[in-house]
Amino acid sequence: MLLGVAGINTTTHSEAPGAEVPKKPNMRQPILIFFTTLCLFLSSFTLRAGEGMWLPILLKSLNEAEMQSMGMQISAEDIYSVNKGSLKDAIVHFGGFCTGEVISDQGLLLTNHHCGYGQIQQHSSLENNLLEDGFWAKTFADEKPNPGLFVTFIVRMEDVSEAALEGVERGMGEADRQSQIDKNLAKIKEKAKRKKHQDVMIKPFYSGNQYYLFVTETYNDVRLVGAPPSSIGKFGADTDNWEWPRHTGDFSLFRIYTAPDGKPADYSEDNVPMKPRYHLPVSTQGVKEGDFTMVFGFPGRTDQYLPEVAVAQRTEIINPIRINMRDSSLAVIDGAMRQDPEVKIMYASKQARIANAWKKWIGESEGVAKTGGLLKKQKLERQFNERMNLDEGYRQRYGEILPGLNTVYADRRPYAETQAYVGELNYNIDLFRISNILGRLPRIYEESGEKGLIDYAPRVLSYLQGFYKNYRPEIDEMVAQKLIPIYLDNVREEHRSRYANDQVEFAGSRRQLITDLYDRSYLTKAGQVLELLEKDPVAFVKQLEGDPGYLFVRNLNEENDQVVRTKYQEYNDYLATLQREYMAALIELFPKRRFYPDANSTMRVSYGQVEGYQAFDSTQQHYQTYLGGVIDKYQPGDYEFELPDRLLQLHNDKDYGRWADETGDVPVCLLASNHTTGGNSGSPAINGKGELVGLNFDRVWEGTMSDINYDRSICRNIMVDIRYVMFLIEKLGGAGHLIEELELR
């Protein structure tokens, strides 16, 4: 579900080895070779529909003809332009972790329910439970501010590779190389043309072989406008997460506010709804199988160009470690949520965060296995070696890349295993999470003295107030009782924390140690922590440094940093160098193959078609689901499949308004072959006319391995049909005034 968030996506188009002979390299000009070859292959190879996450600035030269042949009726200039309002001016990076789109000329913003979940949760209580009841602002004055929430627009993009890599030569040490690049990037940013309220960021592409500059505008006054009840916005919860057929109304509405002059501003009652440069029109016509679709957003991270050894290690070794740890954590949390309605509210977001990656890892590992992902990698590497061996110059330059990758991944494996265990302790156990946050305070006190600590403490206090609002120490202790023994049983002895071993021996048993930590640590006692930190930060730090819970976490992590993490990072540095060289070599050795850059949280366009697929159990899955399917899944009293009485009544009365299709039912979700990943949550699904037809929120479980092994046959993205969104706003929420803001077509 949470498509909530590094490598590169590549086509797997078959090519006979030796069918083309790459030119002999100029060993003195490796960077020039990369860019010359890049220009050649980007214009010479037709990619199969569905693959790729493309930079909007390059669509005209690389993709426009293909997109129009698939049914797109607009132009690349309509998608990305710096001279007029275009689709890209309606797309925002929502909170830095999701995507959203502007859908009215008054700054109304559409994104996923799960993207806005934290804000909806913060406005909820037992007395006014917006999560359970939903929320629809009747007027601008009713819209709820959200401190800390922001959205970012992309103003323009620019290729700055030549300037970024000036003075960089092959064979430079990694530290020297990065130092030279950092100096170059600083100069580029300083010279970049931008307005005072605009920012500049530069990101690497193709494993650091290319660089693009982005001029951005960020708006910090973003208010909650509407959200359906979680029984709709999260319908199916974990059972249906990453699954199809899907029946989730995963959307929420916000509004962007600006200063009266239209510029970004912090929250103020004087602020006004934004007048956007462009907003998306909304299609009421629906889609049919084979229709063109385009997803526009900020995909987070993919690793499509990894070698076979890396994919095998990830799917067969690291994923199973993480899955096992989260199996245990989720069993505790799910049980507590089912027993207590208040815990259900408190832990809803936390549970979703933990479960999302857990289920994705399961699908990723199974998907790679069942689609022969490792065999595809092996085939590509055989072709790589055959082409490399055509010329002595290539053998000298590239001959050590794949052997080097294989060796380093093998050497890194034990460290990667331990990092997976320790990472899951820190992610799943709240005592670890809070200890790591608070660990900053002693460092600040030591480095900046009492004044620095006093200045910084309010930021931590604000975080703690939100943290403890949704914290139950007894639940966290049960999670720790499950996970810490897994760490002690499975981490190899030379990597295991000696402090943890000593504490177990002192306590007499693992269970007693953990019980003692939660009984004696004042970090599990919210009132004491908040009161002392607010009253006397210096005394807080002194008490913290003697706290048994904090000491346990700090010592375990410090030992891991010294013994494991430092070495693990050294291997990763080696791998980064080899991966960059492998990427450049692939492009040079396969000049007729079109590669697209890895997702790295920058704006991308993917495109495909509306279509179903054949699941692993051989069932043929249709591309559309309906409200009738929602009702069929309804289970009174089950928080995953509960429904509001009002929706049941609307269905019973067939009161669908204008939102039913020719079947007489309301379309709910749909499938297409757009390439998406984490960060694409909330991305608009746009038809060939440039109109909004859906809201991206998930992928099918069989295709979650698309981050490392895109397979056209089963990789499908899941979207809420925009007609279901409109139906819920108008008929369930009674918020027809919001529909009136929209440009319906």
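Taking N as the number of residues in the stretch 696-745, what is its alpha-carbon radius of gyration divided by 2.2 N^0.38 Å?
Computed over Cα atoms of the stretch 696-745, the ratio equals 1.67.
Over all Cα pairs of the stretch 369-413, how is the pair count split among 5 Å bins, expressed in % and running from 0 up to the last occupied bin?
Answer for the stretch 369-413: a P(r) of 5, 20, 20, 22, 19, 10, 4, 1 percent.
Calculate one ³J(HN,Hα) per residue across the stretch 728-742 by plugging θ = phi - 60° into the Karplus curve 6.51 cos²θ - 1.76 cosθ + 1.60, and present them in order as whole Hz with x for glycine and proline.
My calculation for the stretch 728-742 gives 5, 5, 7, 8, 7, x, x, 10, x, 4, 6, 4, 5, 6, 8 Hz in order.
Whole angstrom only: what separates the Cα centroid of the stretch 343-372 from the Cα centroid of the stretch 161-233?
Here the answer is 29 Å between Cα centres.
Rounded, prolate or oblate for the stretch 241-305? Axes are the square roots of the Cα gyration tensor eigenvalues, ordered a ≥ b ≥ c, and the cut-off for rounded is a/c under 1.5.
Prolate is the answer for the stretch 241-305, as a/c is 1.5 or above and a/b outweighs b/c.
Taking 8 Å as the Cα distance limit and 6 or more residues as the minimum spacing, I'd like the relative contact order of the stretch 248-302 as a percentage.
Reported relative contact order: 22 percent.
Which ³J(HN,Hα) values in Hz, rounded to whole numbers, follow from the phi angles of the stretch 640-645 under the Karplus curve 6.51 cos²θ - 1.76 cosθ + 1.60, where θ = phi - 60° and Gly and Pro get x?
6, 10, 6, 9, x, 4
Specify whether the C-alpha gyration tensor of the stretch 625-745 places it in the rounded, prolate or oblate class, a ≥ b ≥ c being the square roots of the eigenvalues: rounded for a/c under 1.5, otherwise prolate if a/b is larger than b/c and oblate if not.
Oblate is the answer for the stretch 625-745, as a/c is 1.5 or above yet b/c matches or exceeds a/b.
Which of the lysines could be linked to LYS379 by a straight reach, that is with a Cα gap under 20 Å, when you skip same-chain ones fewer than 8 residues away?
Hits, sequence-local ones excluded: LYS370, LYS592.
So for TRP136, TRP358, fewest C-beta neighbours within 10 Å to most, what's the order?
TRP136, TRP358
Which entries of LYS195/LYS263; LYS88/LYS689; LYS60/LYS193; LYS344/LYS469; LYS451/LYS542 show an alpha-carbon separation above 18 angstrom in the structure shown?
LYS60/LYS193
If I take the Cα coordinates of the stretch 306-592 and project them onto the principal axes, what are the three extents in Å, biggest first?
Rounded to whole Å, the extents work out to 72, 46, 38 Å.
What FRET efficiency comes out for the pair GLN285/GLU77, r = Cβ-Cβ distance, R0 = 25 Å, nearest 0.05?
0.55
Calculate the translational D of the stretch 532-588 in whole µm² s⁻¹ from Stokes-Einstein, where the hydrodynamic radius comes from the Kirkwood formula applied to all Cα pairs, the temperature is 10 °C and the viscosity 1.306 mPa s.
Here the translational diffusion coefficient equals 107 µm²/s.
Need the list of lysines near LYS731 for cross-linking: C-alpha distance under 18 angstrom, and skip anything on the same chain fewer than eight residues off.
By straight Cα distance, LYS731 reaches LYS138, LYS654.
Please list the three semi-axes, largest first and in whole Å, of the ellipsoid equivalent to the stretch 261-344, using sqrt of 5 times the eigenvalues of its alpha carbon gyration tensor.
So the three semi-axes of the stretch 261-344 are 39, 28, 20 Å.
How big is the shadow of the Cα convex hull of the stretch 162-252, averaged over all directions, in nm²?
Computing the convex hull of the Cα atoms and averaging its projections yields 10.6 nm².
Would you mind classifying the chain by shape? Square roots of the alpha carbon gyration tensor eigenvalues, ordered a ≥ b ≥ c; an a/c under 1.5 is rounded, otherwise it is prolate if a/b is larger than b/c and oblate if not.
Since a/c stays below 1.5, the shape of the chain is classed as rounded.
Set the Förster radius R0 to 41 Å, insert the Cβ-Cβ distance between ALA175 and GLN620 as r into 1/(1 + (r/R0)^6), and round the FRET efficiency to 0.05.
0.15
Work out from phi, with θ = phi - 60° and the Karplus expression 6.51 cos²θ - 1.76 cosθ + 1.60, the ³J(HN,Hα) of each residue of the stretch 121-138, listed in order in whole Hz, and give x for Gly and Pro.
Values, residue by residue: 5, 5, 8, 9, 8, 4, 7, 9, 8, 5, 4, 7, 9, x, 7, 9, 6, 7 Hz.
Tell me, GLU392, GLU101 in order of fewest to most beta-carbon neighbours within 10 Å?
With the fewest neighbours first, GLU392, GLU101 line up as GLU392, GLU101.
Between SER713 and TYR456, with labels modelled 7 Å along Cα→Cβ, what's the label distance in nm to one decimal, could you check?
5.4 nm
Within a 10 angstrom radius of the beta carbon, how do LEU627, LEU643, LEU648 rank from fewest other beta carbons to most?
Lowest count first: LEU648, LEU643, LEU627.
Could you give the length gained by full extension between ASN470 and ASP411, i.e. 0.36 nm per residue of separation minus their alpha carbon distance, to one decimal place?
Here the answer is 17.1 nm.
Test of understanding: what is the full-extension gain from LYS689 to ARG511, defined as 0.36 nm times their sequence separation minus their Cα-Cα distance?
Contour length minus the Cα-Cα distance gives 57.9 nm.
With the Cα gyration tensor of the stretch 343-460 in hand, give its eigenvalues times 5 under a square root as the equivalent ellipsoid semi-axes, listed largest first in whole angstrom.
Largest first, the stretch 343-460 gives 45, 25, 12 Å.
Net charge around ILE475, counting only other residues with Cβ within less than 10 Å of its Cβ (Lys, Arg = +1; Asp, Glu = -1)?
Result for the neighbourhood of ILE475: -3.
Starting from the 7 Å offset along Cα-to-Cβ, what nm value, one decimal, do you get for the label separation of LYS191 and TYR267?
Going from the LYS191 label point to the TYR267 one covers 4.2 nm.
Each value in this text was obtained by applying a stated rule to the coordinates, not by laboratory testing. As the structure is a computational prediction, the values presented were derived from the model and not from experiment. Cβ: placed from backbone, ideal geometry, glycine included. Neighbour counts: every protein chain shown.
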